[in-house]
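One structure below.
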Amino acid sequence: MKIAVGNDHSATGLKVEITKFVESMGHEVINFGTDGYESCDYPIYGEKVGRAVAAGEADCGILICGTGVGISLAANKIKGIRCGVCSDTTTAHLIKEHNNANVIAFGARIVGSEQAKDIVKAYLEAEFMGGRHQNRIDMISKLEE
Ligand code: RB5
């Protein structure tokens, strides 16, 4: 899969680790995040990843800021984006299985790097279940109109 990755300054180190991990799983990473450690604005990166995924340039996205929340809020403003914040592997697979989330977010100040890798793996290996869950996603999509 092609995976769009974005981050702010609080998550540059974790972004590098997650990129290596995702590449070791055989995926291609497109880096939309900052590579620096100077304070910057997370909405920029949430928007970039959201737009890339919504346009089909990437199959899904991974967003990391301090908490995962701010950057997810920005991504969720892009039409077609369903981004969920995860701090555990159960949420990580359920946001794909039930919500068909096309972007996952987490916080570099919240989860350690090993937990972050487990979260990413759980998300990437999960599959959308469809059925009644598709109806609910259709209801969410209608809210964008
Ligand atoms: C940056 O200090 C911090 O506010 C940001 O990374 C994020 O946690 C916002 O939600």
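The values are calculated or read from the model by the stated rules, or taken from the named source; none is laboratory data. Note that the structure is a prediction, hence the values are computed from the model and not measured. All Cβ positions, glycine included, derive from the backbone under ideal geometry; neighbour counts span all protein chains shown. Ligands, DNA and RNA are stripped out before the accessible areas are found, and what is left, the full protein with its side chains, is counted by its heavy atoms. Shrake-Rupley method; radii C 1.70, N 1.55, O 1.52, S 1.80 Å.
The conditions are (1) touching a residue at least 12 places away in the same chain (Cβ under 8 Å); (2) assigned to a loop (DSSP other than H, G, I, E, B), and residue 130 fails exactly one of them. Which is it?
Answer for residue 130: the failing condition is (1).
Going through segment 109-145 one residue at a time, which ones are open to solvent by 30 Å² or more (accessible area, probe 1.4 Å) and closer than 16 Å to residue 22 by Cβ?
113, 114, 115, 117, 118, 121, 125
So, residue 3, is that one of a type outside the set (Lys, Arg), more than 10 Å from the ligand (Cβ to nearest atom) and either assigned to a helix (DSSP H, G or I) or open to solvent by 30 Å² or more (accessible area, probe 1.4 Å) (or both) or not?
In short, no.
Which of the numbered conditions does residue 33 fail, given that it passes all the others? Conditions: (1) within 15 Å of the ligand (Cβ to nearest atom); (2) open to solvent by 40 Å² or more (accessible area, probe 1.4 Å).
Status for residue 33: all satisfied but (2).
Check whether at least one residue in segment 80-93 is open to solvent by less than 10 Å² (accessible area, probe 1.4 Å) and either over 16 Å from residue 5 (Cβ atoms) or within 12 Å of the ligand (Cβ to nearest atom) (or both), and report yes or no.
no
Can you name the residue in segment 59-77 that is closer than 13 Å to residue 104 by Cα and assigned to a loop (DSSP other than H, G, I, E, B) and, of all such residues, is farthest from the ligand (Cβ to nearest atom)?
The qualifying residue farthest from the ligand (Cβ to nearest atom) is 59.
Tally the residues that are more than 13 Å from the ligand (Cβ to nearest atom) and either crowded, with 21+ Cβ neighbours inside 10 Å or of a type in the set (Phe, Trp, Tyr) (or both), restricting the search to segment 6-30.
Result for segment 6-30: 2.
From the residues in segment 36-58 that are β-branched (Val, Ile, Thr) and open to solvent by 10 Å² or more (accessible area, probe 1.4 Å), which one is nearest to the ligand (Cβ to nearest atom)?
Looking at residues that are β-branched (Val, Ile, Thr) and open to solvent by 10 Å² or more (accessible area, probe 1.4 Å), I get 44.
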